[in-house]
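Notes for the one structure printed next.
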Amino acid sequence: MRLPEERPTEPPTGYKIAHPVLSQDGTRAGFTGVSLGGALPYGVLADASCVYGLRHRAPHRRCDCGFHCVHDRTAAEALLCTAEHRTAVLLEVTVLGRYLRFEFGFRYARQRVRTATVGHCACGTVAVALADAGWGRPGRLALAPSCAGCLRGRTSVSLAGFARLAGYGLRVVAGSGAALPVADLGAADGLGVPELAAEAALLQARLDWFESQLTRLGERGPGDGRKG
């Protein structure tokens, strides 16, 4: 027996976890899933397709394709406790298009990521940037939360910078709960105290790294310290 078709007055909201990714040229930001379909990065506004290459529309009742999310934020946060998901971020999404409702969540055709909540750095400090996590997908670098002191010259982007590259009004929320909305980093008028503090910490970390490299080169001296 088929259940009655739902006609909500507003698109449903769901929660999921994903890894933030940055394009190889550093011009685009998005996410990649943690399970089925993880090899297919997606943007803030995206349409699902069948991961098995079948030519039906996602989600199909006789397939498990489509985007997935859960109803309860707490249930999504619990997934971040597992070792392989510690560097993932929590996403709040708007469920768009066709969807199938289950006991714990949705499987659906289209989504818009509204908010990405970034956890703490591996050292336990509040993250101010997303830095190269040491793995990725073809053409995409996976990113992980990082504080200013742990960047150490890795490819990185500030939280506000990630939001700007992702577009569509994405908000990035640090572990402290300070919202970092999409903004043009060249216009200070669009940034508040949390955003400017995060940008300053990121710039200071990069300056510290350059200073340490210059000091190391100075200690070695001209000609790499070698004498003929």
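Of note:
- Calculated diffusion of the stretch 1-97, Stokes-Einstein form, Kirkwood radius summed over Cα pairs, 25 °C and 0.890 mPa s, µm²/s: 163
- Residues R98 and L40, FRET efficiency given R0 of 22 Å [Cβ-Cβ distance, rounded to 0.05]: 0.75
- Within the stretch 64-98: backbone nitrogen closer than 17 Å to the E10 label point (7 Å, Cα to C-beta): 71-73, 92-97
- Residues D47, D132, sorted so that the one with the fewest Cβ neighbours within 10 Å comes first: D47, D132
- The GluC sites (Glu not before Pro) of the stretch 1-82 that meet both conditions, a loop assignment by DSSP and at most 16 other Cβ atoms within 10 Å of the site Cβ, are E5, E6.
- A simple count of charges around G119, restricted to other residues whose Cβ falls under 12 Å of its Cβ and scoring Lys, Arg +1 and Asp, Glu -1, yields 0.
- The alpha carbon centroids of the stretch 16-82 and the stretch 85-159 are separated by 11 Å.
- Amide H contacts under 5 Å for R112, placed H, 5+ residues apart: T94, L96
- Estimated inter-spin distance, L217 and H120, nm [label 7 Å along Cα→Cβ]: 3.7
- Pairwise FRET efficiency - A200 versus R137, Cβ, R0 = 41 Å, nearest 0.05: 0.85
FYI, it's all coordinate maths here, none of it is from the lab. Nothing here was measured: the structure is a model prediction, and the numbers come from that model. Don't worry about glycine lacking a Cβ; one is built from the backbone with ideal geometry, like all the others, and counts go over all protein chains shown.
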